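What follows is a short report on a single structure.
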Amino acid sequence: MSSQNTRTTRYSTRNTKNRSNVKQSSTRRHNEEGGRDRSNSNSSGEENDIKPGRIRYNLRKRSLDSSENGEAGDQKDAQMPKRRKSSSRSVAPYLKGNAVGARYIQEELPDEVLLKILSYLLEFDLCRVACVCKRFRTIANDTELWKKLYQEVFEYDFPLLHPEPRVFKFLHPQVYCDYDNPWKESFRQLCKGIHVRPGFRDLYHRKYRKLKGRDMKCFETIEFAYDWVVTEELENQIIFVHSGIYHREYLFIDTNVAIIGAASGNVIDHVIIERESESTVMFVEGAKDAYLGYVTLRFSPDITSSVPHHKHYALEVTDHCSPVIDSCRIKSTSVVGAAVCVSGTGADPFIKHCKIKDCENVGLYVTDYAQGTYEDNEISGNALAGIWVKNHANPIMRRNHIHHGRDVGIFTFDNGLGYFESNDIHNNRIAGFEVKAGANPTVVRCEIHHGQTGGVYVHENGRGQFIENKIHSNNFAGVWITSNSDPTIRKNDIYNGHQGGVYIFGEGRGLIEHNNIYGNALAGIQIRTNSHPIVRHNKIHHGQHGGIYVHEKGQGLIEENEVYANTLAGVWITTGSTPVLRRNRIHSGKQVGVYFYDNGHGVLENNDIFNHLYSGVQIRTGSNPIIRKNKIWGGQNGGILVYNSGLGLIENNEIFDNAMAGVWIKTDSNPILRQNKIYDGRDGGICIFNGGKGILEENDIFRNAQAGVLISTNSHPSLRRNRIFDGNAAGIEITNNATATLEGNKIFNNKFGGLCLASGVHPKQKDNIITGNHNMVHRAVSTGQCLYKISSYTSFPMHDFYRCRTCNTTERNAICVNCIKTCHASHDVEFIRHDRFFCDCGAGTLNNQCQLQGEPTQDTDTLYDSAAPMETHTLRVN
């Protein structure tokens, strides 16, 4: 039998003996007086008189049968001692004769009076009264009666339920309750607890009271109460610590005890445990099922002391113990160490609903293989990190609020682990979450935002899994990855950053997958300085800058992303970078789709690039990418633009439905175009200008609105084995002192002719097949029509180009031969050259009205060139 049961048995036996002695003496007096009264009663035939003050009513007995005679009463009185020995004895002595007083008390006494009488009873007596009858039971169960008793003993404003070990929860009035009287139920669950309440000892123990309706242990200090629990070897004992500031209490918890604050109002404001040296509360081995709740813990060392405090804490949990720490306020003013330290193998606490605020050091420190579960805590305003996790510690942290720290929010380093779920991390001075030196945390469904530096910072070989988080509104990048770190960034929303979304530099790696990255001030993803991440299945959109920016020898595999609606280029590749882009959808940008410049290289393969306000792809200034098997369409400024000494291998692409040329080659650029299909352009197929070169081999160029290939202004490309057909203008046009090498090309079924050469153009030709073209220009001239009739101002057929001195036209005002003959007959005219133009006379832009046309048509300037691409601001910003 346990010591607890032994004490309970002794206590019950002692009370039973006391009650028996009282009843025996009372019965003896009752029998003597009853004997004298019976003789008088028998002679007179009248009922017995009941003398007040002498007879105790048996409240359980309603009344006696009026037909019973004195002899029956004597027999019952004689049997009463035997009934007292039985286990079912009555609470009160018997009433002889008719119980007039009993009937009155049980049935006729007003509820208000009875309730007033019961209000003077304590809880044990109140429970005994409830056993008398149903009416007493109902009134003794009154909520206000028990509330008054409860608050006298426990001080709480609301009932505190203790449904199972290490679980305490307040029941607020607006919450549904399964109990008729939650105050009484709470009293029942907590009545065996020990109280620490200085100056109130007489309130709890019958030794110090006249009434015996309460018997609880009460101590002056927590240390005395705990020592008594340990001495008596009690298990799962509750110690209630009442209002007060407890200084210098030595709490070294090595047994399964529950220590809980007890006060009115906000309990933790009134129950404060404080130390100036060593840890305030320490849990050690043996405290497997211990509990600490609803108190304030403070560690406030003397700043003038020379004693080091780097291993002293407000709360310390060590090896092989797993206490529950619930709803506490924890603070340390030491400039070293931490407010809470959990360390050692087997350290596995459950810390919940606590506030760790305004410490002059780290808030929560988990280290040395420790674990634990940390839920619904508020960690804020600490001078160093809100949470440190290191040295293989592996905690579980859920729904914590970590904010306004003067350093990083959560810092995992030196091989720290951990599972972090649904935490709100914001407004910390440095990153919201930092991973360093081999740490490998898992961060799931957290919100990391409004960091004064960045959101997530992974560096120095850090790892980690960041999954389904919201990372937004940080002053710097949402995610930083550097120095050989290799995290997994997956299914996150990364948005509204004041700089970029994900920033990978300094040989960083990582898997960036299935994220939604949008609305950031700089690039959605930035890769630089030999970094080599895998970026796939992301949505990168509506950025105020570009989508993906790869520079300074950045690398990476970028595949199956959707990049769209960004203000600048969808993808930028520059300064020696060599990424591989495969199977991406890059579209609807406000500038270029993919932009290679300043020696940007890499592979662009199997991508869909479409609907950009500028070109789908631009290549310039020494860039030499491989562009293969892409679909490039819907560009408002062409499909691919190669200029300013750009290079590149462009092969097996589909380039179609662009507003201007499918491919532009300009200004000393020299790409290789091989086996592409360039078709259905709303302008020309391939336009080569201003010294452009290039090798065009085995391409199919067809159904374009302008010339299949236009070569102009000192350009000199080589065209080999191409098929140029079904165009709405000429097949190949060469003009403006350009030349070309044409070998083995097939040019057929084009509307304005096969090969059209301007004056002075003499290309090298070999084995070309030019056949079956429709020379509508010659047909229009031969029938006396103005060339504008077949070209409008959208096409530029090649024919004889005149000007009229009489009408004072210039070389920018071309006049076709039929208008010279008809509209400018007898004028002083001059043949300029055989070249491509539309007729300004037919367009109605000259002073005299064209006689071969109807109403004049508004002129539009001849467009020979692409709009200049907008320069990047990235170099200036970064």
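On the Cα set of segment 543-606, report Rg and Dmax in Å, please.
Calculated on Cα positions, Rg and Dmax stand at 10.6, 27 Å.
For His762 and Thr567, what is the calculated FRET efficiency with R₀ set at 45 Å and r taken between the beta-carbons, to the nearest 0.05?
On the way: r = 47 Å, r/R0 = 1.04.
After rounding, the FRET efficiency stands at 0.45.
Report, in cubic angstrom per residue, the convex hull volume of the C-alpha atoms of segment 667-795.
Details: hull volume 12.1 nm³, N = 129.
Residue-normalised Cα hull volume stands at 94 Å³.
Where in segment 616-630 is the amide nitrogen less than 13 Å from a point lying 7 Å along the Cα-to-Cβ axis of Asp668?
Residues 621-623 qualify, since their backbone N sits under 13 Å from the label point.
Can you check what the Kirkwood hydrodynamic radius comes to for segment 224-373, Cα pairs only, in Å to one decimal? Show your work: numbers first, answer last.
Working: mean 1/r = 0.0660 Å⁻¹.
The Cα-based Kirkwood calculation yields 15.2 Å.
Please give the direction-averaged projected area of the C-alpha convex hull for segment 473-512, in square nanometres with one decimal. Please list the in-between numbers first.
Numbers: hull surface 10.3 nm².
It is 2.6 nm².
For the pair Thr794/Ile396, report the inter-label distance in nm, with labels modelled 7 Å from Cα in the Cβ direction.
Result: 6.7 nm between the two label points.
I need the P(r) histogram for segment 495-540: all alpha carbon pairs, bin width 5 Å from 0 out to the longest distance, whole percents.
P(r) for segment 495-540, in whole percents per bin: 7, 24, 29, 25, 15, 0.
For segment 284-391, rounded, prolate or oblate, judged on the Cα gyration tensor with a ≥ b ≥ c (square roots of eigenvalues), a/c < 1.5 rounded, else prolate if a/b > b/c? Present the calculation step by step, with values, prior to reporting the outcome.
Working: a/c = 1.58, a/b = 1.34, b/c = 1.18.
Cα axes put segment 284-391 in the prolate bin.
If I take every Cα pair under 8 Å that is 6 or more residues apart in segment 243-363, average their sequence separation and divide by the length, what percent do I get for the relative contact order?
Numbers: 355 pairs, mean separation 27.8, N = 121.
In percent, rounded to a whole number, it is 23.
Quick one: pull the percent of accessible area on segment 736-775 belonging to carbon and sulfur, 1.4 Å probe, ligands and nucleic acids left out. Walk me through the intermediate numbers first.
Working: 930 of 2050 Å².
For segment 736-775, the apolar C and S fraction of the accessible surface comes to 45 percent.
Cα gyration tensor of segment 727-772, axes a ≥ b ≥ c as square roots of the eigenvalues: rounded (a/c below 1.5), prolate (a/b > b/c) or oblate? Don't skip to the answer; put the middle values down first.
Details: a/c = 2.72, a/b = 1.23, b/c = 2.20.
Judged from the Cα gyration tensor, segment 727-772 comes out oblate (a/c at least 1.5, b/c at or above a/b).
Can you give the FRET efficiency to the nearest 0.05 for Ser264 and Tyr120, using r as the Cβ-Cβ distance and R₀ = 25 Å? Could the numbers behind the result be given before it?
Values: r = 23 Å, r/R0 = 0.92.
About 0.65, to the nearest 0.05.
Given the Cα-Cα distance of Asp111 and Arg135 and 0.36 nm per residue of separation, how much length would full extension add, in nm? Can you show the working numbers first?
Values: separation 24, 0.36 × 24 = 8.64 nm, distance 0.92 nm.
Separation in residues times 0.36 nm, less the Cα-Cα distance, equals 7.7 nm.
Where q = 0.16 Å⁻¹, what log10 of I(q)/I(0) comes from the Debye formula for segment 634-702, counting one point per Cα?
Result of the Debye calculation: -0.44.
First measure r as the distance between the Cβ atoms of Asp414 and Arg445, then evaluate 1/(1 + (r/R0)^6) with R0 = 30 Å and state the FRET efficiency to the nearest 0.05.
On the way: r = 26 Å, r/R0 = 0.86.
Given R0 = 30 Å and the Cβ-Cβ separation, E is 0.70.
Return the whole-Å distance between the Cα centroid of segment 297-374 and the Cα centroid of segment 585-625.
54 Å
Taking the highest mean first, how do the peptides 195-205, 265-275 order by number of other beta carbon atoms within 10 angstrom per residue? It would help to have the intermediate numbers written out before the result.
Numbers: 195-205: 16.7, 265-275: 19.3.
For the peptides 195-205, 265-275, the packing ranking is 265-275, 195-205.
Using square roots of five times the C-alpha gyration tensor eigenvalues, list the equivalent-ellipsoid semi-axes of segment 593-745 in whole Å, biggest first.
Values: eigenvalues 80, 60, 37 Å².
Here the semi-axes work out to 20, 17, 14 Å.
If I stretch the segment between Phe252 and His537 completely, what's the gain in nm (0.36 nm per residue apart, minus their alpha carbon distance), one decimal?
97.2 nm
Which of the aspartates and glutamates could a cross-linker bridge to Lys311, judged by Cα under 16 Å and excluding same-chain residues fewer than eight apart?
The reachable aspartates and glutamates, counting only those whose Cα sits under 16 Å from Lys311, are Glu276, Glu278, Asp302, Asp319, Glu360, Asp368.
Report the dimensions of segment 668-709 along its three principal axes from the alpha-carbon atoms, largest first, rounded to Å.
27, 22, 9
Quick query: amide H of Ile494 versus all other amide H atoms, modeled in the peptide plane; which residues come in under 5 Å with a sequence gap of 5 or more or a different chain?
The list, which skips near neighbours in sequence, is Ile471, Asn516, Ile517, Tyr518.
Principal axis lengths of segment 324-471 from Cα atoms, whole Å, largest first?
Result, largest extent first: 31, 30, 26 Å.
For segment 178-281, state the semi-axes of the equivalent ellipsoid (square roots of 5 times the eigenvalues of the alpha-carbon gyration tensor), sorted largest first and rounded to whole angstrom. Intermediate values should be presented prior to the final figure.
On the way: eigenvalues 111, 55, 46 Å².
Sorted largest first and rounded, they come to 24, 17, 15 Å.
Ranked highest first by average number of other Cβ atoms within 10 Å, how do 125-137, 319-331, 470-482 line up?
Numbers: 125-137: 16.5, 319-331: 22.4, 470-482: 25.0.
Top to bottom by mean Cβ count within 10 Å: 470-482, 319-331, 125-137.
Can you give the Kirkwood hydrodynamic radius for segment 430-553, in Å, rounded to one decimal and based on Cα pairs?
Working: mean 1/r = 0.0748 Å⁻¹.
Mean inverse Cα-Cα distance, inverted, gives 13.4 Å.
Can you give the alpha-carbon Rg of segment 129-174 over 2.2 N^0.38 Å, where N counts its residues?
Details: Rg = 13.2 Å, N = 46, 2.2 N^0.38 = 9.4 Å.
Relative to the 2.2 N^0.38 Å estimate, segment 129-174 comes out at 1.40.
Hey, can you rank 638-650, 784-796 by average C-beta count inside 10 Å, highest first? Please report the intermediate quantities before stating the final value.
Numbers: 638-650: 25.7, 784-796: 20.3.
Highest mean packing first, the order is 638-650, 784-796.
Using a 1.4 angstrom probe and counting only protein chains, how large is the accessible area of Asp111 in Å², to 10?
80 Å²
Keeping every protein chain present and rolling a 1.4 Å probe, give me the accessible area per residue for segment 401-460 in Å².
Per-residue value: 31 Å².
Assuming 0.36 nm per residue, please report the length gained on full extension of the stretch Lys169 to Asn475 beyond their Cα-Cα distance.
Working: separation 306, 0.36 × 306 = 110.16 nm, distance 4.03 nm.
Contour length minus the Cα-Cα distance gives 106.1 nm.
Taking the alpha-carbon set of segment 527-681, what are its Rg and Dmax in Å?
In Å, with Rg to one decimal and Dmax whole: 13.5, 41.
Write down the accessible area per residue of segment 554-597 in Å², having rolled a 1.4 Å probe over the full set of protein chains.
That works out to 24 Å² for each residue.
Give, as ranges by residue number, the residues of segment 673-695 whose backbone N falls under 13 Å from the point 7 Å along Cα→Cβ of Thr741.
Answer for this model: 693-695.
Report, to the nearest whole %, how much of the accessible area of segment 249-387 belongs to carbon and sulfur atoms, 1.4 Å probe, protein only.
Numbers: 2240 of 4630 Å².
Whole-percent figure for carbon plus sulfur exposure: 48.
Put a dot 7 Å past each Cα toward the Cβ at Thr771 and Thr488; how far apart are the dots in nm?
According to this spin-label approximation, the distance is 6.2 nm.
Would you mind listing how long segment 487-603 runs along its three principal axes, going by Cα atoms, in whole Å with the largest first?
31, 28, 28
The values are calculated or read from the model by the stated rules, or taken from the named source; none is laboratory data. Since the model is a prediction, treat every value here as computed from it, not as a measurement. Glycine also receives a Cβ, built like all others from the backbone with ideal geometry; neighbour counts cover every protein chain displayed. These area figures cover heavy atoms from the full protein model, side chains too; ligands, DNA and RNA do not enter into them. Shrake-Rupley method; radii C 1.70, N 1.55, O 1.52, S 1.80 Å.
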